[in-house]
Every structure is written in structure tokens, then in C-alpha cells.
1. For the range 130-139, indicate whether the set of residues that are among the hydrophobic types (A, V, I, L, M, F, W, C), within 23 Å of ARG95 (Cα to Cα), not assigned by TED's automatic domain parsing to the domain that holds ILE320 and not in a helix (DSSP H, G or I) is non-empty.
2. Would you check which residues across the range 126-138 are surrounded by 17 or more Cβ atoms within 10 Å (Cβ to Cβ) and either of a type in the set (Lys, Arg) or within 20 Å of the chain's Cα centre (by Cα) (or both) and list them?
3. Could you tell me how many of the residues in the range 83-101 are touching an Asp or Glu at 6+ places or on another chain (Cβ under 9 Å) and either in a loop (DSSP other than H, G, I, E, B) or among the hydroxyl-bearing types (Ser, Thr, Tyr) (or both)?
4. With the structure loaded, tell me whether ALA232 is assigned to a loop (DSSP other than H, G, I, E, B), of a type in the set (A, V, I, L, M), in the same structural domain as LEU269 (by TED's automatic domain parsing) and out of contact with any Ser or Thr (no Cβ under 6 Å at 6 or more places or on another chain) or whether it fails that test.
5. For the range 198-211, does any single residue satisfy the condition of being farther than 21 Å from ARG322 by Cβ and either surrounded by 19 or more Cβ atoms within 10 Å (Cβ to Cβ) or not assigned by TED's automatic domain parsing to the domain that holds TRP318 (or both)?
6. Could you say whether any residue in the range 247-254 is assigned to a loop (DSSP other than H, G, I, E, B) and closer than 26 Å to ILE190 by Cβ?
7. Tally time: how many residues in the range 251-267 are among the small types (Gly, Ala, Ser) and either within 10 Å of PRO385 (Cβ to Cβ) or at pLDDT 95 or above (or both)?
8. Could you please find all residues in the range 256-281 being among the aromatic types (Phe, Trp, Tyr) and within 27 Å of the chain's Cα centre (by Cα)?
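The values are calculated or read from the model by the stated rules, or taken from the named source; none is laboratory data. Bear in mind that the values here come from a model prediction, so they are computed numbers and not experimental data. Virtual Cβ from ideal backbone geometry, glycine too; neighbours counted across all protein chains shown.
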Amino acid sequence: MASRRAMNEMIIQVMTDIIRDHQFDIICVILIYLRSIRWGRRFSPLDLRKSYSYIRRMPQQVRHMNRLTGVSDVSCLENLRMDRNAFGRLCIMLRQTGDVVDGRYVTVEEQVAMFLGILAHHKKVRVVKFNHWRSGYTVSKSVHVVLRAVIKLHRTFWVVPEAVDDDCEDHKWKWFKGCLGALDGTYINIQVPSVDKPRYRSRKGQICTNTLAACDRSMRFVYVLAGWEGSAGDARVLRDAVNRENGFKVPRGKYYLCDNGYANCEGFLTPFKSVRYHLKEWGPAAGAPQNPREIFNMRHTRARNVIERAFAVLKMRWGILRSACYYPVKIQTQLILACFLLHNYARTAMPVDPLDQLSDVNDDQIVAESDDPNVEGEYIDSVDPSNAWTQMRDDLAGSMWEEYVNRHI
């Protein structure tokens, strides 16, 4: 009995030294040997060749995940585009839905990490499987599972915009009472069959999709419509979004700031045409506004620039949006929507978005639920120009100019 106790203590000491020295390969060999004894078989090199190649991957997988999410926020931000706290909360949310579950060998955290790595750096499956020590089937399955789960959580990630009120002190927005945010379209490159390339070719010659998006003042998106061909005009995409059964809802009396690619109509306020507008035309060397239209355009572009900054942050965060991927068109559209949703989540979950300082520059749509979706007649249902809305813009420009002149007298 004493000799057996001494033997057990010696084995425990040896195993402790092995674990302390991170000699995982020796542990794998010992496990194979103990398994062969349990099954009543002799240990042979053949067992080592069959099992050691699989078992030795487990420590590498654990070590890789620890480096990603268990060491520092810097590594997590650089590789997954969110800090460790935001990553952990996202995994909890996806696990609670029941759509992403721990597998026999793959945890929810590793599935989400593989998915975010592909979105953040546009990695190929073969690269992810090498880094995570997984098979291509496991990586591909995890990506599609997490993608479906993120799309199902769109009501959680989406935001409802708040209109600019009379007490607003922000110098960019205080002139636009009742404004909900800004709206614009952006081109995102995609891969399509050769027969469809003429329809998806934009005016710049790129094969892409024209994605309509609206954001609030905090650069969080409130509506996205993806999937339209690159050859489609911005106004056509907006008209389709407004006329859909569960499409873009703009309450009457509220509006979004748009550029001249859209019509100046109820719910969508555009600048004056043939008047200098872009920010570079209002730089330090530019002259001061000379009339009501110029002061209106200057303040309009400063406020509407929030959508351009939102697009810049979105594409800096998710590298998959900067180049075409090789998934089917439907999956590419869903990946675009997932990027918008996870952008909202990251900006909400992290107290400070590190990409802010760099931004100075059906399955095809997801909408936020209104407070009372059964109310009829309270939303804009057309995008046709109107004289009343043009007059409202003229009055707003006049009031801006009057205030500007009085302040500089």
C-alpha cells in the first residue's frame, strides 16, 4: 500500500512538472498510453501515428484562443475589432438564442472568433483553419451558424434614432430641428456570375452592390437595404426602400439629410444645387458664405458628413467590405448586413471606439421596429418633390442667414 501511494505521488509530481513546463506533447503520449491500457491493448507506434496528430492540436487551439481573447484588449481589438468585454457579451447573447451552441470540440467563443476574424481581415477559410487548427468543414459550418444567429438578433442590434430637439447644443445639428440623422448609399464590391456583371457594374466600372443606409448622430445605423445592383441609382433604391411593406419608415414631420442624388421631398432634405457644398470647398482658405443658400449648404454638409464617417469606420472595421468575397450573392448580402449590425453592437458595447479618431474623413433589408407598427398614415410613403418642402428649405436657409448676419454685425 505504501509503495502504491508513493508511486501515485511520483506520477502526480511528474504530471505537475510537465504541465508547468507546457510540455503538452508528452501529455498526449501519456494519454494515448493510458487509453491503450484501459482497452486491454498493447501500446504501439501505430496508435501514436493515428491519435497523436489529432490530440496534439487541442493545446494549440486553446493557446490560440487565449492569445486572442485572454491576454489583452489590444490583441482582441486588432484581430476581432472589439475588446474582450464586448466579445464575451456577444458570445453570451448568441449562446442565449440557442442558435450557436458548444459543440463536442468547438466552443461558442471559438466559433464567434473565427467568424469575426473573417469579417475583420477578409481571411480565407484555409487561413482560418490553419490558425485555429481546425478543419475547413468546421470553419465553414461555424461561419454560417454565427451569421444566421447575428441576422436573427437584428432587433437587438438596431437603434431607433432620436430627433434633434429645441434644446440641442451641438453646433452641427442645432439648426436642423426634427432631423433624425443622415442617409446615403455606398458601393460594396461583390462577386457575381459573369452573366450578371453588366447589371452590377457601377458608373465607376466596379462590380458591386449599391447599399442604402441611414444613421443617427452617433454613427449607428438605423436602416440598411443591401442587394441592389451597382447600376441602380440612389433615388431608385430609396424609392424601393420606402415602398416596401416593412421598409424604411420616416415619421411625418421628421427627416434625414441627403445629398443631391435624392429628391428634395418630405422626409429627405437635400442641399441647393449649383451652390458650393462639399467640406473641401469650405476649408480655411475658402471665403465666408455670401447668401442664404451658401450658409445652408455649409451647415448641411457639416451635419450630413456623419454618414460618410460612419461608412469610413464601418469599412475600416470590417475588411471583408473592402474587397469582393467568393461566397454566393445571397450569403454576401447577409455578410454585409451582419457587418452593419456588428458595427452598431461594437459602438454600443465599447465605451470608446478606437476607430473614431481615424474617421475624419427580407434577407436584403433589416429595419428597426417602431413603437406602434399598427398605426397607419404616420409615415412617409413617397419620395416625390413637393413645393411645400422646397419652401420649408428656403425658409430654413433664410433663418440661418439672418442669424449669421446679425452675429457678424
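1. yes
2. VAL128, LYS129, ARG134
3. Total meeting the criteria: 1.
4. When the stated conditions are applied, ALA232 passes them.
5. So far as the range 198-211 goes, no, none of its residues is farther than 21 Å from ARG322 by Cβ and either surrounded by 19 or more Cβ atoms within 10 Å (Cβ to Cβ) or not assigned by TED's automatic domain parsing to the domain that holds TRP318 (or both).
6. yes
7. Number of matching residues: 1.
8. TYR256, TYR262, PHE268 - these are the residues of the range 256-281 that are among the aromatic types (Phe, Trp, Tyr) and within 27 Å of the chain's Cα centre (by Cα).
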